[in-house]
Number of protein chains: 2
Amino acid sequence: MTTNPISMDEYLETRKTLVDQALELYLPAETCEPPVIFRSARYSVFAGGKRLRPILCIAAAEAVGGPIDAVMPTACALELIHTYSLIHDDLPAMDNDDYRRGKPTSHKVFGEAVAILAGDALLTDAFRIIAGRTPAGAVTAEKLLQVIQEVALAAGWFGMVGGQVADIESEGRAPEEKTLNFIHTRKTGALITVSLRAGAILGGADDDALDALTEYGRHVGLAFQIADDILNVEGDAQALGKGTGSDQSRGKLTYPALVGVETSRRVAAQLVGKALADLSVLGERADPLRGIARFIVDRRT
Amino acid sequence: MTTNPISMDEYLETRKTLVDQALELYLPAETCEPPVIFRSARYSVFAGGKRLRPILCIAAAEAVGGPIDAVMPTACALELIHTYSLIHDDLPAMDNDDYRRGKPTSHKVFGEAVAILAGDALLTDAFRIIAGRTPAGAVTAEKLLQVIQEVALAAGWFGMVGGQVADIESEGRAPEEKTLNFIHTRKTGALITVSLRAGAILGGADDDALDALTEYGRHVGLAFQIADDILNVEGDAQALGKGTGSDQSRGKLTYPALVGVETSRRVAAQLVGKALADLSVLGERADPLRGIARFIVDRRT
């Protein structure tokens with residue numbers, strides 16, 4: 001473990017490289033049968049994601065002094081779950097998006113049937129990787145079971161899936177803050193929060209540190225979604241790799257639609273302030289998490 | 001544990017009732033938010049399935065003297081995974097089926113988006129239920145992790161999902177036995193085999209019993225699929241609750257299409273014989289599994 005301070009860019013870059021290497025290791029080769037399912041899964045997993053969820057998971061483990069190798073399978077599993085959710089959200093029956101990160105979406109390349117099945121397989125494999133790839137002895141089996149349970153809870157109907165359902169149902173309806181909070185805390189917030197909790201649990205956090213990282217997750221999760229909504233309104237379509245203004249044309253319920261861009265920006269900044277305050281019980285090992293909180297609202301893509 | 005012999009019908013009926021009661025307990029109420037996801041999931045889970053996979057899981061545990069309560073969450077999780085696979089297989093982008101077990105399919109009732117998400121949520125919740133609902137102390141955490149890993153392997157791209165992909169790709173192509181075996185062992189065989197393995201592992205099977213139950217699972221899994229193909233050719237559409245002859249009109253690769261109905265029937269009977277032989281190392285506690293093997297090829301729905 002290094003004690004030299006490293007820059008935020010360097011931290012994100014090194015951790016992203018570790019995650020990409022591990023994903024390459026965990027995902028089956030494209031030569032396995034039937035190849036199209038592995039090719040389509042790899043197409044979406046290696047489509048240029050920022051690896052935010054795995055990095056949050058790793059950073060939470062590091063913030064409490066845990067080793068990276070105990071947490072890497074879970075960190076990658078969270079990215080696979082995120083990727084599956086994007087593939088399914090982009091389907092014609094859902095958001096019907098043709099592009100994601102500047103590339104044609106899975107169903108445009110491989111057809112709807114394979115896109116649905118690639119999502120299903122990625123979600124399934126996430127649990128295989130947590131249960132089967134975590135090094136024996138690195139953490140107790142009981143902790144791994146707790147993580148599996150929490151990840152499933154955050155990804156399922158009480159979390160991400162429930163948020164997506166509410167999001168679809170809200171389209172074209174009168175905007176209400178209560179509904180918007182319901183969607184945001186579930187659709188993106190739940191998986192981000194559990195990324196931090198999983199890292200903390202596997203990293204050996206005590207109760208205070210776990211609570212602090214959970215609250216940090218809730219605050220950065222919401223800040224991230226608001227920042228995402230703002231980027232959809234006024235971001236650079238080329239840098240984002242997808243069209244902007246799509247939320248508005250679709251009648252999506254978003255923060256900017258509800259309270260305007262300026263207020264949204266202020267709320268996001270307040271949430272980052274709360275996230276930084278949450279980390280006050282943790283020492284300088286939590287500096288990367290402090291940097292990530294600021295990065296989330298400053299990003300341009 | 002009873003030592004009185006009970007009839008096969010009675011065994012299947014009592015175990016099905018236990019599974020239905022547990023599913024009722026594990027599945028969230030339809031009043032949870034957003035209600036449509038819970039309503040759609042319950043619609044498909046309680047659509048009249050035979051509960052074959054959970055019953056095989058329970059029967060495997062009972063065959064090695066294990067208690068039912070240790071295995072019930074996993075047994076129900078297998079049914080949720082089976083249900084999710086039916087919902088997604090029925091989608092317009094896949095088999096485009098309007099009816100299943102005599103009822104309109106999920107996407108016909110709730111729309112495609114909700115059907116996709118209901119499948120996603122059921123798959124996700126299966127892992128939450130195994131990890132979170134198995135009574136503490138009933139089995140070791142290590143065994144539960146092994147079961148999670150094996151279930152995910154059987155349900156994912158090396159199992160059920162891979163089989164479905166190969167099945168879709170085979171439509172309209174020249175029938176080959178190699179391809180057919182690839183599809184059958186994965187699309188239905190893998191989940192049936194892991195139902196037995198999971199029950200055996202959680203029931204405390206030794207290596208010999210685990211091997212025997214694994215082989216039994218491979219043989220009844222294939223017999224089940226062949227019987228299913230035969231029913232699709234000459235079954236009673238009303239009893240099945242869906243149209244017959246659909247495989248043929250779709251150019252699906254099936255056993256009857258490849259070798260004819262009579263040879264298919266003979267192969268299925270041979271497989272049941274092998275399955276019974278597999279159980280020779282187990283005593284009369286395995287009688288329900290013997291009955292199920294015969295039931296699988298004799299059934300009419």
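Taken together, the values in this text are just the output of simple stated rules run on the coordinates, not laboratory data. For clarity, every value in this text was computed on a predicted model and none was experimentally measured. We place every Cβ from the backbone using ideal geometry, glycine too, and count neighbours over all the protein chains shown.
Observations on the model:
- Sequence-separation-based contact order of chain B, relative, with Cα cut under 8 Å and 6+ spacing, percent: 21 percent
- Placing unit charges on the Cβ atoms of the charged side chains and taking the dipole of the protein assembly as shown about its Cα centre, the candidate lying farthest along the positive direction among A:191, A:264, B:174 is B:174.
- Pairwise FRET efficiency - residue A:109 versus residue A:17, Cβ, R0 = 35 Å, nearest 0.05: 0.85
- For the residues of B:28-41, the average number of beta carbons from a partner chain within 10 Å of their own beta carbon is 4.
- Inter-copy label distances at residue B:211 (7 Å, Cα→Cβ; nm, one decimal): 5.4
- Of all residues in chain A, the one whose Cβ lies closest to the rotation axis carrying A onto B, together with that distance in whole Å, is A:141, 2.
- Taking amide H atoms as placed 1.01 Å from N in the peptide plane, the amide H of residue A:100 lies under 5 Å from those of A:105, each 5 or more residues away in sequence or on another chain.
- Magnitude of the charge dipole for region B:8-298, about its Cα centre and with charges confined to Cβ atoms of Lys, Arg (+1) and Asp, Glu (-1), is about 200 debye.
- Segment residue B:174-residue B:206, extension gain: residue separation times 0.36 nm, minus the distance between their alpha carbons: 7.2 nm
- Gyration tensor verdict on region B:97-207 (Cα atoms; rounded if a/c is under 1.5, prolate if a/b is larger than b/c, oblate otherwise): oblate
- Distances in nm from residue A:263 to the matching label points in the other copies, shortest first (labels 7 Å along Cα to Cβ): 7.3
- Restriction of the GluC sites (Glu not before Pro) in region A:16-124 to DSSP coil positions whose beta-carbon has at most 14 other beta-carbons within 10 angstrom yields A:30.
- For region B:8-298: rounded, prolate or oblate by the Cα gyration tensor [a/c cutoff 1.5]: oblate
- GNM top mover of B:94, B:72, B:160 - chain B, alpha-carbon springs below 10 Å: B:94
- Rounded if a/c under 1.5, otherwise prolate or oblate - the protein assembly as shown, Cα gyration tensor axes: prolate
- For region B:1-53, chymotrypsin sites (Phe, Trp or Tyr not before Pro) are listed when DSSP marks them as loop and at most 15 other Cβ atoms sit within 10 Å of their Cβ; the list is B:46.
- Counting Cβ atoms of other protein chains within 10 Å of each residue's Cβ and taking the mean over peptide B:164-173 gives 4.
- Simple spin-label estimate for residue B:234 and residue A:33 gives 3.0 nm between the two label positions (7 Å along the Cα-to-Cβ direction from each Cα).
- Ascending list, in nanometres, of distances separating the residue A:32 label from those of the other copies (7 Å, Cα toward Cβ): 3.0
- Shielding score for A:145-156, defined as the mean number of other chain Cβ atoms within 10 Å: 6
- Region B:56-118: trypsin sites (Lys or Arg not before Pro) in DSSP coil with no more than 15 other Cβ atoms inside 10 Å: B:101
- FRET efficiency for residue A:281 and residue A:136, using Cβ-Cβ distance with R0 set to 30 Å, rounded to 0.05: 0.45
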